[in-house]
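The values are calculated or read from the model by the stated rules, or taken from the named source; none is laboratory data. For clarity, every value in this text was computed on a predicted model and none was experimentally measured. Here the Cβ positions follow ideal geometry from the backbone for every residue, glycine too, while neighbour counts run over all protein chains shown. Surface accessibility is based on the protein's heavy atoms, side chains included, excluding ligands, DNA and RNA. Shrake-Rupley method; radii C 1.70, N 1.55, O 1.52, S 1.80 Å.
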Amino acid sequence: MIAFLALAAAPAASTPVPDRVVVDLSAPRPVNVFRPDEAFGGGLDGMGKDEVKAIYTPHNVAAMRQAGLAKITYRLRTELGNEAWHWNPKGRWSDAAHAQGYWTSDDTPGGPILLSHGYNLPRRGMTKDQANNLGYSRLDDGDPATFWKSNPYLDSRYTHAPARPQWLIAELDEARPIDAARLTWATPYAVDYAVQYWTGHDDWDPDGRWVTFPNGAVSGAAGGAVTLKLAEAPIRTTMIRVLMSRSSGTAPAGSTDVRDGLGYALAEVGFGTLDGDGFHDAIRTGRSSTTQTVMHVSSTDPWHRAVDEDPDLEQPGLDLVYRSGLTNGLPMMVPVGAMFDTPDNAAAEIRWLKRRGYPVDQVEIGEEADGQYGSPEDYAELYIQMARAVRAANPKIITGGPSLQAAVADMWAPDAGEDRSWTRRFVDTLAARGRLADLGFVSFEHYPFDDVCGRIDEKLLDHDAMLDRDLKRLRDDHVPATTPLVISEYGFSAYSGRVMSEIPAALLNADIVGRFLAKGGAQAFLFGYTPNQPINQHQACAGYGNMMTWQTDENGQAKWPSPTFQGAWLLSHAWSQPGHGAHAVWPATSSVRDAKGRAFVSAYAVKRPDGQWSLMLVNRDAKAAHAAKLVFEKGQRAHGFKGPVDVWTYDRTRYAWKDAGEQSRPAKTLPPLKRRQDGARAVVLPPWSLTVVRGRIDAPAP
């Protein structure tokens with residue numbers, strides 16, 4: 001009930017709170033300069049079965065384009081799903097006779113690519129993933145014929161650096177007594193390894209550390225199935241790790257691919273107790289993420305087969321996207337896989353795009369590696385190989401990444417004494433390898449609120465400090481001050497709910513983009529660009545809603561524009577001047593604060609190429625209107641707007657949400673109200689509103 005109270009209709013009119021908004025022109029230069037066709041963008045993600053064809057219709061594309069987000073980033077859902085991406089369905093296998101091995105899509109343009117798919121990895125080690133979560137680990141699937149294998153591209157043959165250890169971690173349902181391990185090695189096997197237990201009370205315990213069992217250090221092993229007595233007395237723990245440091249380097253009989261003999265392979269693992277009655281396994285076996293004990297691994301071999309195509313994970317074809325009109329004739333930020341792909345496939349994609357004549361200026365390498373608990377050092381080695389392959393195919397391209405799951409990326413279950421910052425370790429590895437130039441931009445996702453219930457008004461007011469902390473943390477994590485920052489995805493939350501289809505979504509999105517640019521950010525891409533339907537994903541109290549610019553009808557066609565759409569339109573059409581013109585960002589602040597010192601009104605000022613000044617004003621006060629007196633200060637002199645100004649306002653009088661479960665939809669959806677008024681008068685900002693004021697000022701240009 002709290003969530004719905006926070007989203008109630010606008011309160012009755014009352015005397016607006018006087019507020020003074022000051023644009024500070026005293027500095028010799030603006031705090032940032034951006035170009036709308038580069039800075040504002042939308043993200044196109046992978047989808048479920050049959051969804052690409054339903055979404056990419058002329059009607060839906062036309063509706064999306066109305067939002068005015070010119071730049072496109074193509075999101076790679078296969079990287080989240082532990083899958084390899086066949087960006088071109090035509091290509092070749094390393095073992096063509098058996099339609100299996102390592103896949104490289106065809107780089108020769110042919111017929112239009114309208115649809116592509118992910119392919120499951122039969123040597124997968126992770127139980128869970130961040131896409132459909134329908135896969136499972138081969139380490140505890142109960143089938144000795146299957147196995148997990150680490151990524152061969154982390155071997156010295158490919159990294160040209162000393163090989164790093166690989167690992168697997170079994171995450172038990174609860175603390176259990178452990179004194180024995182049963183390991184069934186495949187090929188190649190670990191010659192030297194250690195079996196360890198975690199001392200923390202949970203996997204994020206800062207005081208936790210990995211300790212080798214008293215009898216857990218093994219050297220000179222010969223593979224096969226082994227049962228180890230790890231300790232004389234059981235040790236209670238929630239997680240067990242096998243840390244592999246030297247490989248046999250052997251390949252299965254008959255292998256002709258060097259990659260088959262690189263890394264480590266395990267068929268089944270068991271951890272439990274050993275007594276006179278035998279081995280008592282604490283590991284649950286199964287072929288789903290709900291039936292087996294959760295396994296984590298350091299990396300996975302991208303080897304797969306033609307039969308591993310996943311019909312439930314679709315990526316829109318590259319031809320479909322470029323020819324749809326969504327890219328507006330501009331370069332698209334395209335992805336290449338990293339954790340579950342090969343450098344050859346990445347290079348082929350870039351060659352194909354160049355031969356097709358499609359503009360590309362940025363390539364994002366991988367997606368959310370930090371959220372998959374992989375080692376940042378390992379990821380850096382894969383990143384370097386992908387960047388080298390991309391740049392060899394097109395030296396003009398800027399490579400970047402890694403699309404962090406969040407700006408603050410900390411290590412999961414690190415060793416005692418290790419640096420806990422995932423990002424810092426990733427950046428430092430690139431620097432140590434002399435490859436920091438490959439990091440042409442740093443991208444991260446920004447979904448500030450996991451909890452989409454509770455006091456929504458409080459969340460809006462808290463966001464400023466949250467984003468500031470995130471940006472500071474990135475620089476503290478050794479991201480160079482000269483490296484551009486990119487928000488690769490943004491929205492209210494990674495979990496759907498009613499708030500995403502209500503006015504607060506527009507307010508928060510405006511704050512995200514406005515504040516990010518005011519703090520020096522380069523680009524921000526809206527997630528949920530495609531039309532969609534309301535769902536409830538995470539919390540029952542959240543109700544139904546979604547990240548979407550348009551809500552669809554029963555045929556999947558855009559019907560109702562959302563607050564997210566209206567906010568994007570104000571950003572791209574009213575606040576900024578569409579196109580490639582340079583916009584100068586100047587600092588702006590309001591005067592009224594709450595008891596915690598938070599500003600009710602956030603303000604973002606730009607000098608447009610047409611000479612007009614534009615202020616985007618977000619009133620986060622859910623109860624009171626504010627009368628904003630707009631002032632431009634330069635030294636001791638104060639200036640104001642000269643003559644009439646254009647004012648656009650979007651608030652709860654323009655939109656209302658009908659909460660009806662899966663049938664939820666807008667009860668009223670009107671565009672922002674536009675009016676003209678005397679620029680010398682205060683501008684009234686209704687409660688919970690987004691307002692743009694635009695005109696000319698009575699002062700020389702700064």
Next item on the list: Output the residue which, of all residues in the stretch 228-248 that are among the small types (Gly, Ala, Ser) and not in a loop (DSSP other than H, G, I, E, B), is farthest from HIS296 (Cα to Cα).
Entry: SER247
Next item on the list: Answer yes if at least one residue in the stretch 171-191 is surrounded by 17 or more Cβ atoms within 10 Å (Cβ to Cβ), free of Cβ contacts under 8 Å to residues at least 60 places away in the same chain and among the hydrophobic types (A, V, I, L, M, F, W, C), and no otherwise.
Entry: yes
Next item on the list: Output the number of the condition that ASN532 fails; it satisfies all remaining conditions of (1) touching a residue at least 40 places away in the same chain (Cβ under 8 Å); (2) open to solvent by 10 Å² or more (accessible area, probe 1.4 Å); (3) of a type outside the set (D, E, K, R); (4) closer than 23 Å to MET47 by Cα.
Entry: (1)
Note to self: Of the conditions (1) surrounded by fewer than 17 Cβ atoms within 10 Å (Cβ to Cβ); (2) farther than 19 Å from GLU489 by Cβ, GLY48 satisfies every one except a single condition; which number is it?
What the structure shows: (2)
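How many residues does the stretch 300-318 contain that are in a loop (DSSP other than H, G, I, E, B) and open to solvent by 10 Å² or more (accessible area, probe 1.4 Å)?
1
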Notebook entry, point to check: Out of all the residues in the stretch 609-618, which are open to solvent by 10 Å² or more (accessible area, probe 1.4 Å) and within 11 Å of VAL585 (Cβ to Cβ)?
Noted result: none
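Residues checked against (1) under 29 Å from the mean Cα position of the chain (by Cα); (2) part of a loop (DSSP other than H, G, I, E, B):
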site: GLY263; (1), (2): yes, yes
site: LEU274; (1), (2): no, no
site: LEU320; (1), (2): yes, no
site: LEU330; (1), (2): yes, yes
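For the stretch 67-96, what are the residues that are polar (S, T, N, Q) and either over 19 Å from ARG323 (Cβ atoms) or touching a Pro at 6+ places or on another chain (Cβ under 6 Å) (or both)?
THR78, ASN82, SER94
Look through the stretch 220-237, keep the residues that are at positive phi and either in contact (Cβ under 8 Å) with a residue 60 or more places away in the chain or within 41 Å of the chain's Cα centre (by Cα) (or both), and return whichever of them is least open to solvent (accessible area, probe 1.4 Å). First the steps, then the outcome.
Filtering the stretch 220-237 for residues at positive phi gives 220, 223-224.
Next, only the ones that are either in contact (Cβ under 8 Å) with a residue 60 or more places away in the chain or within 41 Å of the chain's Cα centre (by Cα) (or both) stay: 223-224.
On the way: GLY223: 14, GLY224: 37 Å².
Only one residue tops the list, namely GLY223.
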Next item on the list: Read through the list (1) open to solvent by 10 Å² or more (accessible area, probe 1.4 Å); (2) under 25 Å from THR104 (Cα atoms); (3) assigned to a loop (DSSP other than H, G, I, E, B), then give the number of the only condition that ILE283 fails.
Entry: (2)
Next item on the list: Could you tell me which residue of the stretch 622-673 is nearest to ARG696 (Cα to Cα), considering only residues that are free of Cβ contacts under 8 Å to residues at least 40 places away in the same chain and not in a loop (DSSP other than H, G, I, E, B)?
Entry: ALA638
Margin query: Which numbered condition in (1) under 18 Å from SER299 (Cβ atoms); (2) free of Cβ contacts under 8 Å to residues at least 60 places away in the same chain; (3) under 15 Å from the mean Cα position of the chain (by Cα) is the only one that PRO414 fails?
Written below: (3)
Note to self: Can you list residue pairs whose Cβ atoms sit under 6 Å apart, with the first residue in the stretch 540-566 being under 20 Å from VAL52 (Cα atoms) and the second being of a type in the set (Asp, Glu) and open to solvent by 10 Å² or more (accessible area, probe 1.4 Å)? Count only pairs 6 or more apart in sequence or on different chains.
What the structure shows: LYS559/ASP553
Next item on the list: Go through (1) open to solvent by less than 30 Å² (accessible area, probe 1.4 Å); (2) within 29 Å of the chain's Cα centre (by Cα); (3) over 30 Å from LEU76 (Cβ atoms); (4) modelled with pLDDT of 95 or more one by one and return the number of the condition ASP205 breaks.
Entry: (4)
Next item on the list: Determine which member of the set ARG157, ARG176 is in contact with a helix residue (DSSP H, G or I) (Cβ under 9 Å, 6 or more places away or on another chain) and not in a loop (DSSP other than H, G, I, E, B).
Entry: ARG157
Check: Quick one: in the stretch 553-601, which of the residues that are crowded, with 24+ Cβ neighbours inside 10 Å and in contact with a Gly (Cβ under 7 Å, 6 or more places away or on another chain) is farthest from PHE40 (Cα to Cα)?
Finding: THR564
Check: Hey, SER501 hits all of (1) of a type in the set (S, T, N, Q); (2) more than 17 Å from the chain's Cα centre (by Cα); (3) open to solvent by 10 Å² or more (accessible area, probe 1.4 Å) but one; which does it fall short on?
Finding: (3)
Margin query: Being open to solvent by 20 Å² or more (accessible area, probe 1.4 Å), of a type in the set (A, V, I, L, M) and not in a strand (DSSP E or B) narrows it down to one residue among ALA413, ALA465, ALA407; which is it?
Written below: ALA465
Next item on the list: Filter the stretch 416-441 down to residues that are among the basic types (Lys, Arg) and not in a helix (DSSP H, G or I), then give me how many there are.
Entry: 3
Check: Just for helices (runs of 4 or more DSSP H) wholly inside the stretch 22-104: which have at least 2 residues that are within 26 Å of the chain's Cα centre (by Cα) and among the hydrophobic types (A, V, I, L, M, F, W, C)?
Finding: 51-55, 58-65
Next item on the list: Filter the stretch 470-498 down to residues that are open to solvent by less than 10 Å² (accessible area, probe 1.4 Å) and in a loop (DSSP other than H, G, I, E, B) and give me whichever is farthest from ASP451 (Cα to Cα).
Entry: VAL479
